[in-house]
Amino acid sequence: MAQSFANLLEQDKQVIAPLYGKADINFVKGEGSYLFDDQGNKYLDLVAGIAVNGLGHQNAGIKAAIVDQLNHFNHISNLYPNYPQIALGKKLLEVTGFDKAFFCNSGTEANEGSIKFARKYFNRKGEGHRQKIVTFVNSFHGRTFAALSATGQPSIREGFGSMPGDFVHVPWNDVDALKKEIDGNSCAIMLESLAAEGGVMTLSKEMVETINALQKEFGVLVILDEVQAGVGRLGTFLGFEKYGLNPDLVSLAKGIGGGLPLGAVLLKQKVADQLKPGDHGTTFGGNPVACAAGLSVVEQVSNPALLKNVEERSIQLRSGLSKLVEKYAPILSVRGEGLIIGLALDEKLPVGNVIAAARDEKLMVLSAKGNVLRMLPPLNISAAECEEALEKLDAAFAKVVK
Ligand SMILES: Cc1ncc(COP(=O)(O)O)c(C=O)c1O
């Protein structure tokens, strides 16, 4: 089965649609916080499958849950109650205080669900004119049409023709712009609790207060896209808990499936009350194997010791990174919260150069919009591994900063 890398990359070019820039690396195994390539190199993985592998590679609990479910069945369809789905739903509602769960397969689908449920909510209440959804400039909500229309990055909408209407984007943390767009005819405010792809931008206190006030005054729904920031990544099970928002709908994906494709929408009762069979659906959503993995993830991530580790490792990494800000002039600032951490770089130092230098040091990191270096370590990363990451980053910057 072992294939040479050159052969694999060539086959990838011939077979796979050219939608991604692929790195010339052949990972053959993951274990905990590390990835191994076919040359025997060991990399510290601060990409974690872009915030998917929250419990690292080959987590024993996830593995056991998957194998156990495979011994029952892979799939039965949403025509029948599905025990792993119910068990995961119960656990999620218990941990989050929400009232109902809908399962799908990805982040964009979770957002499509949230958007449809918000629109249907007003429609069933006889207020179908309330369609306007306000989101934020540079936000990222996914690649399907409504999620794309919600996404505040015009460049990724280009060339795809007309988009679903009534989406408006206001600048991040601009309370006056948001206030101007929201009134008694609006449907929802949709946001990430931390704009990750958009440049690792945190929410201001004033914005949180404004959203809470607009929700109260106009009955506008609040949709939290927690696809990247949810499931423990900010040090609380759901990211918005840190900020004191009170969403009516929450979209989850990425980390919740332990590496299997799984998304979810959490709903408040008043929204769920307006939904009926046939309003929405999916063949694979809530797949039993993915949900079995998801239950193991939620059980492990909701453990206070794990969430404490996120907070402690965040402090450790951010304090170490602050020293790099002092040492290397092109590093402008440390951004983020929990284990979504960014380094804003001067435009003279392209983030791609740092990513390449880090890889030479056997450290995997990624970028975010605005020349930001992004790190998404596994939530159970150890203190020693964080020290190792800081040393490798220091060595990488030493190479690229002239
Ligand atoms: C905040 C946010 N929402 C939605 C998505 C889309 O998720 P998916 O790629 O699973 O469709 C992403 C993916 O990066 C994301 O970060």
Taking interchain pairs and intrachain pairs at least six residues apart, which have beta carbon atoms under 6 angstrom, with the first residue in the range 91-117 and hydrophobic (A, V, I, L, M, F, W, C) and the second in a helix (DSSP H, G or I) and within 10 Å of the ligand (Cβ to nearest atom)? Cys104/Ala110
Restricting the range 143-160 to residues that are of a type in the set (Gly, Ala, Ser) and within 16 Å of the ligand (Cβ to nearest atom), which is surrounded by the most Cβ atoms within 10 Å (Cβ to Cβ)? Ala150
Subset tally (residues that are under 26 Å from Gly107 (Cα atoms) and either within 13 Å of the ligand (Cβ to nearest atom) or more than 24 Å from the chain's Cα centre (by Cα) (or both)) for the range 182-202: 14
Restricting to the range 227-245, name every residue that is buried (at least 24 other Cβ atoms within 10 Å of the Cβ) and closer than 16 Å to Leu306 by Cα. Ala229, Gly230, Val231, Gly232, Arg233, Leu234, Leu238, Gly239
Ile50 passes all but one of the listed conditions (1) within 16 Å of the ligand (Cβ to nearest atom); (2) under 22 Å from Gly286 (Cα atoms); (3) open to solvent by less than 40 Å² (accessible area, probe 1.4 Å); the exception is number (3)
Just name the residue that is farthest from Glu192 (Cα to Cα) out of those in the range 316-337 that are touching a Ser or Thr at 6+ places or on another chain (Cβ under 9 Å) and in contact (Cβ under 8 Å) with a residue 24 or more places away in the chain. Arg335
Does Arg313 qualify as being assigned to a helix (DSSP H, G or I) and free of Cβ contacts under 8 Å to residues at least 24 places away in the same chain? no
Conditions first: (1) of a type in the set (Lys, Arg); (2) touching a residue at least 24 places away in the same chain (Cβ under 8 Å); (3) open to solvent by 40 Å² or more (accessible area, probe 1.4 Å); (4) away from the ligand (no atom under 12 Å from the Cβ). Lys216 passes all but one, so which condition is the exception? (2)
List the strands (runs of 3 or more DSSP E) that sit entirely inside the range 4-79 and contain at least 3 residues that are more than 22 Å from Val231 (Cβ to Cβ) and of a type outside the set (Phe, Trp, Tyr). none
Just to be sure I understand the filter: pairs with C-beta atoms under 8 Å, separated by 6 or more residues or on different chains, first member in the range 1-23 and aromatic (Phe, Trp, Tyr), second member surrounded by fewer than 10 Cβ atoms within 10 Å (Cβ to Cβ) and at pLDDT below 90. Which pairs pass? Phe5/Asp24
Unique residue being on the phi < 0 side of the Ramachandran plot, at pLDDT 95 or above and buried (at least 16 other Cβ atoms within 10 Å of the Cβ) when the list is Pro288, Pro304: Pro288
Of (1) more than 14 Å from the ligand (Cβ to nearest atom); (2) among the aliphatic types (A, V, I, L, M); (3) within 24 Å of Ala196 (Cβ to Cβ); (4) touching a Cys at 6+ places or on another chain (Cβ under 9 Å), Ile86 satisfies every one except (3)
Tell me the residue from Ala64, Ala60 that is without any contact (Cβ under 8 Å) to a residue 12 or more places away in the chain, surrounded by fewer than 16 Cβ atoms within 10 Å (Cβ to Cβ) and not aromatic (Phe, Trp, Tyr), please. Ala60
Residues of the range 358-373 classified as over 16 Å from the mean Cα position of the chain (by Cα) and either at pLDDT below 95 or assigned to a loop (DSSP other than H, G, I, E, B) (or both), total: 4
So which residues in the range 94-142 are open to solvent by 50 Å² or more (accessible area, probe 1.4 Å), within 16 Å of the ligand (Cβ to nearest atom), assigned to a helix (DSSP H, G or I) and more than 19 Å from Lys276 (Cβ to Cβ), if there are any at all? Glu109
Looking at the range 248-262, is at least one residue among the aliphatic types (A, V, I, L, M) and part of a helix (DSSP H, G or I)? yes
Ser296 meets each of (1) among the small types (Gly, Ala, Ser); (2) within 12 Å of the ligand (Cβ to nearest atom); (3) out of contact with any Asp or Glu (no Cβ under 9 Å at 6 or more places or on another chain) with one exception, condition (2)
Qualifying positions in the range 268-287 - touching a Gly at 6+ places or on another chain (Cβ under 9 Å) and either outside the structural domain of Leu79 (by TED's automatic domain parsing) or under 17 Å from Arg124 (Cβ atoms) (or both): His280
What's the number of the only condition in (1) more than 10 Å from the ligand (Cβ to nearest atom); (2) surrounded by 24 or more Cβ atoms within 10 Å (Cβ to Cβ) that Leu260 fails to meet? (2)
If the requirement is being over 19 Å from Ala398 (Cβ atoms), within 20 Å of the chain's Cα centre (by Cα), among the hydroxyl-bearing types (Ser, Thr, Tyr) and open to solvent by 10 Å² or more (accessible area, probe 1.4 Å), which of these qualifies: Ser296, Ser333, Ser314? Ser296
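The values are calculated or read from the model by the stated rules, or taken from the named source; none is laboratory data. Worth saying up front: this structure is predicted, and the values here are computed from it rather than measured. All Cβ positions, even for glycine, are placed from backbone atoms using ideal geometry, and neighbour counts span all protein chains on display. What goes into the accessible areas is simple: the full protein's heavy atoms, side chains included, and nothing from ligands, DNA or RNA. Shrake-Rupley method; radii C 1.70, N 1.55, O 1.52, S 1.80 Å.
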